[in-house]
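Undergrad: If you scroll down you'll find the structure; I have some questions about it.
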Amino acid sequence: MSLRLSLFRTYAIVVLVFLVVIAVSAVFLMRGFVDNQSLAGLDDMTRPIDVQIVALVRGNVTAAQLLTSLQEQADKNGAYILLVDGAGDIVRQLVPLQPETLSPISIASGTLPKGIAAAAKGVFKTTDGKIYLYAAYPLTRQSLPLTSVDTLVLATPRPGIMTVVGTFIWPLLLAAAFALVVSLIIAIFLARSIYRPLAKVTKAAQQISTGDYSQRIKPEGPKEIKELGDSFQPYDGGCRAGTIETAAFCG
């Protein structure tokens, strides 16, 4: 493999590794961004439902009527509505009808927020290892027909990593492709700046090996190559240490 190709390949590998590191880091950063956006959306959905519960309770609705209204909200928002007691356990859950793949949540006792005095957001894990995002509001001051309930929780499955990647894949690919092209163009010029002056020195050395000692090299390129090229320059009488002419004429 030629020096020029070897240099270019080295630059290309460094650029590709750098882009991979950036891409992986970006995905994990996007994970946090997507989680925050989802939690903010859940909080926006939970607040009006909390207000609706207050209005329904003041209207002296029955437990069945309240649950029917909450089921409608779960279907409308595509989110689980969980009514939680003071121990952090689910008293009743309303599973959204869409998407049809959703199934009731099963969690360990005491997993969900309980006894909170203000709105809260976070994540919890089910018994089968799935992660959900949630927004919770206190219901302790409400005279609910379901007397054991003190917390309202809305929850949705946490988006998978492939969903996060899929959301941003095209911008990432375009940015990576542009960065790769620009970097490789720069790599070509960098490799050329090293290869060209070194190729001239190599050619001059080959000429000297055939007995042509008139070779002169214009010093260019990196410092080390300039110093090597300088050894081909003419000298004013005598023998100058460290030059090719010294080796040729002065022994």
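The values are calculated or read from the model by the stated rules, or taken from the named source; none is laboratory data. Given the structure is predicted, the values throughout are model-derived calculations rather than measurements. For neighbour counting, all protein chains shown are included, and Cβ atoms are generated from backbone atoms with ideal geometry for every residue, glycine included. Areas reflect the complete protein model, heavy atoms only, side chains present, ligands, DNA and RNA absent. Shrake-Rupley method; radii C 1.70, N 1.55, O 1.52, S 1.80 Å.
Undergrad: Provide the net charge surrounding T111, with neighbours chosen by a C-beta distance below 10 Å and charges set as Lys +1, Arg +1, Asp -1, Glu -1.
TA: The answer is +1.
Undergrad: Sort the following peptides by mean Cβ neighbour count (other Cβ atoms within 10 Å, averaged over residues), highest first: 127-138, 174-185.
TA: Answer by packing, highest mean first, reads 127-138, 174-185.
Undergrad: Still on this structure, please answer the following. So how do 9-19, 86-96 stack up, highest first, on mean other-Cβ count within 10 Å?
TA: 86-96, 9-19
Undergrad: In the full protein assembly as shown, how much of R158 is accessible to a 1.4 Å probe, in Å² to the nearest 10?
TA: Around 80 Å² of this residue is reachable by solvent.
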